[in-house]
1. Return the residues of region 149-173 that are touching a helix residue (DSSP H, G or I) at 6+ places or on another chain (Cβ under 8 Å) and open to solvent by 50 Å² or more (accessible area, probe 1.4 Å); say none if nothing qualifies.
2. Whether any residue in region 71-82 is under 17 Å from the mean Cα position of the chain (by Cα), at pLDDT 85 or above and of a type in the set (D, E, K, R) is what I want to check.
3. Could you say whether any residue in region 124-135 is over 19 Å from Glu55 (Cβ atoms) and touching a residue at least 60 places away in the same chain (Cβ under 8 Å)?
4. Of everything in region 44-53 that's touching a residue at least 12 places away in the same chain (Cβ under 8 Å) and not aromatic (Phe, Trp, Tyr), which residue is surrounded by the most Cβ atoms within 10 Å (Cβ to Cβ)?
5. Of the conditions (1) assigned to a loop (DSSP other than H, G, I, E, B); (2) modelled with pLDDT of 95 or more, Lys65 fails just one. Which one is it?
6. Consider region 109-147. How many of its residues are over 12 Å from the mean Cα position of the chain (by Cα), open to solvent by less than 50 Å² (accessible area, probe 1.4 Å) and among the aliphatic types (A, V, I, L, M)?
7. Applying the selection to region 68-87, what residues are charged (D, E, K, R) and open to solvent by less than 10 Å² (accessible area, probe 1.4 Å)?
Amino acid sequence: MIKMVNLKKITSGLVFSVLAGSLLFVPLGPGTAQAATSKQVAAVYDKIQTERAAEVVALLNKERKAAGLKPLTVHTNLSKMAKTKAIDMFKNKYFNHTSPTYGSPFDMMDSFNITYRYAGENIAMGQTTAKEVVEDWMNSPGHKANILNANYNLIGVGYYNGCWVQEFIGNPK
């Protein structure tokens with residue numbers, strides 16, 4: 001739901017934009033009435049994506065700790081891959097482990113020069129919060145098995161416009 005706001009009543013020096021269900025606030029200079037630039041909105045949105053991915057990792061590590069497992073460590077290149085996959089799912093309007101652009105998750109890992117002994121992927125679409133998507137994954141036996149797989153020690157999480165991707169690897173070669 002989008003709430004309509006009378007911009008004349010906003011006196012705090014902020015301009016807002018609704019993007020993918022998120023309310024974005026961009027600070028403006030004192031007394032200015034300029035619109036936020038697309039660069040400012042993109043930077044704020046990138047921050048939201050990064051925060052949601054970090055929250056997913058924190059929630060997963062809580063689940064792993066409760067199961068007596070070691071926490072997963074964020075892998076930078078795996079995170080780039082996961083975000084790329086989330087963007088690909090959104091832009092190409094599909095929901096599948098096999099991308100029309102990159103192939104299987106394992107093909108995609110190869111193209112991102114990611115090595116592994118064990119690997120897996122969880123995807124989701126439509127959840128609005130990290131908590132909601134983690135709850136959904138934990139209520140699905142296959143997804144939960146990936147999250148609680150003791151062979152995995154590294155993770156990358158990507159989020160883009162309601163598309164969520166987790167990439168797991170274990171024991172890099």
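The values are calculated or read from the model by the stated rules, or taken from the named source; none is laboratory data. None of these values were measured; they are calculated from a predicted model. Because the Cβ atoms are built from the backbone with ideal geometry, glycine has one as well, and the counts that use them run over all protein chains shown. Heads up: the accessible areas ignore ligands, DNA and RNA and are worked out on the full protein's heavy atoms, side chains in. Shrake-Rupley method; radii C 1.70, N 1.55, O 1.52, S 1.80 Å.
1. none
2. Yes, some residue in region 71-82 is under 17 Å from the mean Cα position of the chain (by Cα), at pLDDT 85 or above and of a type in the set (D, E, K, R).
3. No, because not a single residue in region 124-135 is over 19 Å from Glu55 (Cβ atoms) and touching a residue at least 60 places away in the same chain (Cβ under 8 Å).
4. It comes out as Ala53.
5. (1)
6. Final tally of qualifying residues: 5.
7. Lys85
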